[in-house]
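Here is the structure we will look at, set down as structure tokens.
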Amino acid sequence: MQKIHQFLTLFLLTTGLIIGIGLSNTSAQAKYTQTPTSLRGYWQRPAKGDARSVLIIKKYKFEGGLLNKEYFQINTNDDWQIRGDKYLKGTKTPQLYVNKKNRNGYYKLGKVNTKTRWYLKKVKHNGKVALKSYVPNALGPAEGKVFYYYKFKGTGDFK
């Protein structure tokens with residue numbers, strides 16, 4: 001009887017220890033910043049020449065650049081990327097900043113610790129689904145302007 005009691009005690013202690021370690025590891029996982037689901041996808045707007053200005057919004061990534069019509073690829077000289085699953089160097093802070101909708105329906109996205117912010121919301125424009133972009137604090141001629149990006153499937157759907 002005593003051997004059964006010792007076995008049960010050892011079993012319960014081992015089980016409790018395993019469960020305790022498992023729970024402590026899950027709470028220590030890092031938190032990533034996600035983009036709003038309504039904004040996700042591939043978005044384009046006309047730019048200079050044969051290129052298109054492109055925004056690509058995925059679950060943990062916000063990127064943009066110029067898409068070259070001839071090669072159907074983003075020009076690496078003009079692209080940028082902010083990730084919600086990557087941290088600023090030496091911190092536990094994700095690069096991507098996402099603020100909830102404001103009273104005008106815009107989400108605010110940008111890179112942490114910088115002044116550049118994108119105000120984006122999904123709208124209907126000229127009968128098409130569009131991403132309305134307002135950039136109040138951009139440098140240069142884009143400051144205070146509104147741009148419309150239209151949905152496309154990817155580089156094969158370039159128009």
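Quick notes on this one:
- Leu109 being closer than 21 Å to Thr37 by Cα, touching a Gly at 6+ places or on another chain (Cβ under 7 Å), at pLDDT 90 or above and in the same structural domain as Ile57 (by TED's automatic domain parsing): no
- Just one residue in the set Gly49, Gly84, Gly64, Gly41 is surrounded by fewer than 16 Cβ atoms within 10 Å (Cβ to Cβ) and modelled with pLDDT of 55 or more; that residue is Gly49.
The values are calculated or read from the model by the stated rules, or taken from the named source; none is laboratory data. Fair warning: this is a prediction, and the values are worked out from it, not measured in the lab. A quick note on method: Cβ atoms are made from the backbone with ideal geometry, for glycine too, and the neighbour counts reach across all protein chains shown.
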